[in-house]
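Written out below as structure tokens is the structure these notes cover.
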Amino acid sequence: MKQLVLYILLAFSLLACEKDFQEKPVTGSNYTGKDVDLRIRDFIWKGLNQYYLWQPNVTNLQDNRFGSLYNANPETNNTYRTFLKSFDTPNNLFYSLLNQYQNIDRFSYITNDYTQLENQFKGITASTGIHYALFAESDYNDKVILVVRYVVPGSEAHQQGMQRGDIVLAINNQLLTKSNAKKLLRETSTITFLTYRFVNDEFKPTGKTITLQQTQTPENPVLIKKLITQGNHKVAYLMYNAFIADFDNALNNAFADFAKAGATDLVLDLRYNGGGSIDTAVALASMITGQFSGQIFAKEQWNTKMHPIVSRSRNVNNYFVERLKDGATINSLKLSKVYILTTGDTASASELVINGLKPYIQVIQIGGTTVGKNQGSVTVYDWTDNAGKVKNTQHKWAMQPIVLKITNAQDKGDYEKGITPDVFLQENPTQYGVLGDPSEPFLAKALELITGKTSRSTARPAASVNDWKYTKISTSTTPYLGYNEMYK
């Protein structure tokens, strides 16, 4: 249930999910006038009033704020209409209604283009084929540098020889700055640049000139899958970068290969995985295990309005499963221990996998503290027809509010400040290494813990992150609304 539809039901203006609850919808807003902007604002208030997790804590979202829900009609209630119109934009109205106490809600958002949002959930975004991090030398210097984290296989960037660790200082003959980076990297259709490598504290040119086009194509989140044999251990390594349901079969196929090869251990690399589908997270956890089918993996807690409605239509618990949504049998490894690589960009559904597995198997987390997103969201649209089949043709606004908190089978889920690793490591762009190579620092540490043998990579003194004098300010996925996402 990634997408919720906003309805007004009879006199009580009750909102429901068509797919799950089957109540007959009337309309997404009880405003029928020609003022589209006012309808959008009415849709925002009513959607948050019904679905928002912290609705009981927000004064302006109370049922009796404008007399009663029945009276919350901009055509007949001047107080309500005046309130909606008192904000400069629908965006400002939306964000004013969020729970702002101690920055408790960091993740709810709104968009005026739900098509773009839907594509993002499918892994379709405008991209040049490189995933990068932007670093600033100081808070006072506008200059930034781009460091490539990984290159999408088969992309133009890959075909032109770009690789992890490449550095870009200027694009289209303009030095990268905090001010122009977004325009050059996201809003320019064709970009040309030279690449550098960091050698002995200096940027050394590679001699390559790269020209890339922005293309909007799906990216398979299963970036790397390989088996590494070390002694008696057959270690499956999987770099997985987003929980996208459209690629569940690709994920399942990777585990089929691991199982066929007789994998004894698994290193799951979620360093750059900002999350996604809860159902896919459940499926991944079931692939890692397989011996807990039917047992609780995660529990949902909705607001006081929605929890009983959701509970009547389906179970609010998520269980380990034996099949994907399309009926395909899940390929499982039946492991009792898993090694998971994380950074400060690991979020939501990734954290759900870590937290949800802990009551059942040993989870060894290596890397950095995660983002700390223990809540889920849904897409709320404004629907217009009685059949609930057509989005409002007058506008393309949609909301992605936080609607649920999620815990594991032991009711543990208070990791708003992130999940702390068992073994702390930070990436240093001067020693990135090759992803999937046994000598790459993060993977090398996992292999050391698995085999008990120190590798050359972990034996030699690693350069401290402090040797890297730049501070990460954003990544290629930062601008996407739904990146740090966990949705139903």
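The values are calculated or read from the model by the stated rules, or taken from the named source; none is laboratory data. Please read these numbers as outputs of a predicted model, since none were measured by experiment. Cβ coordinates were reconstructed from backbone atoms using ideal geometry, including for glycine residues, and neighbour counts include every protein chain displayed.
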Exercise. Given (1) more than 23 Å from the chain's Cα centre (by Cα); (2) within 30 Å of GLU118 (Cβ to Cβ), where does SER179 come up short, assuming only one miss?
Worked result: (2)
For this session: Tell me, yes or no, whether the range 245-260 has at least one residue that is closer than 17 Å to HIS131 by Cα and either part of a strand (DSSP E or B) or touching a residue at least 60 places away in the same chain (Cβ under 8 Å) (or both).
Result: no
Exercise. Does TYR95 satisfy the condition of being of a type in the set (Phe, Trp, Tyr), on the phi < 0 side of the Ramachandran plot and in a helix (DSSP H, G or I)?
Worked result: yes
Seminar exercise, completed: Scanning the range 264-297 residue by residue, the ones that are within 15 Å of ILE361 (Cβ to Cβ) and not in a helix (DSSP H, G or I) total 13
Exercise. When residues of the range 349-384 are filtered for being in a loop (DSSP other than H, G, I, E, B) and farther than 13 Å from GLY275 by Cα, how many remain?
Worked result: 8
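Taking VAL152 as the residue in question, decide whether it is of a type in the set (Val, Ile, Thr), touching a His at 6+ places or on another chain (Cβ under 9 Å), touching a residue at least 40 places away in the same chain (Cβ under 8 Å) and under 20 Å from ASN273 (Cβ atoms).
Yes.
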For this session: Look through PHE243, PHE247 and report the one residue that is assigned by TED's automatic domain parsing to the domain that holds GLY436, of a type in the set (Phe, Trp, Tyr) and touching a Pro at 6+ places or on another chain (Cβ under 7 Å).
Result: PHE247
Seminar exercise, completed: If you go through THR215, THR211, the only one that is within 21 Å of GLY129 (Cα to Cα) and at pLDDT below 95 is THR215
Seminar exercise, completed: Of the listed residues (GLN102, GLN50), the one being free of Cβ contacts under 8 Å to residues at least 12 places away in the same chain, not in a loop (DSSP other than H, G, I, E, B) and not basic (Lys, Arg) is GLN102
Exercise. Taking the condition modelled with pLDDT of 50 or more, over 18 Å from TYR109 (Cβ atoms) and among the hydroxyl-bearing types (Ser, Thr, Tyr), does SER13 pass?
Worked result: no
Exercise. Among the residues of the range 72-91, which ones are loosely packed, with under 12 Cβ neighbours inside 10 Å and either acidic (Asp, Glu) or within 12 Å of ILE110 (Cβ to Cβ) (or both)?
Worked result: ASP88
Problem set entry | Residue count, the range 400-433 (criterion: outside any strand (DSSP E or B), over 21 Å from GLY368 (Cα atoms) and among the polar types (S, T, N, Q)) | 1
Problem set entry | Residues satisfying the stated conditions in the range 398-448, i.e. within 30 Å of GLU118 (Cβ to Cβ) and aromatic (Phe, Trp, Tyr) | TYR415
Exercise. Does the range 397-409 contain at least one residue that is hydroxyl-bearing (Ser, Thr, Tyr) and either buried (at least 16 other Cβ atoms within 10 Å of the Cβ) or under 21 Å from ASP269 (Cα atoms) (or both)?
Worked result: yes
Exercise. When the range 228-240 is examined, which residues are found to be under 17 Å from LYS337 (Cα atoms) and free of Cβ contacts under 8 Å to residues at least 60 places away in the same chain?
Worked result: ASN232, LYS234, LEU238
Problem set entry | Residue satisfying all of: in the range 221-257; surrounded by fewer than 17 Cβ atoms within 10 Å (Cβ to Cβ) and touching a helix residue (DSSP H, G or I) at 6+ places or on another chain (Cβ under 8 Å); nearest to GLU322 (Cα to Cα) among these | LEU227
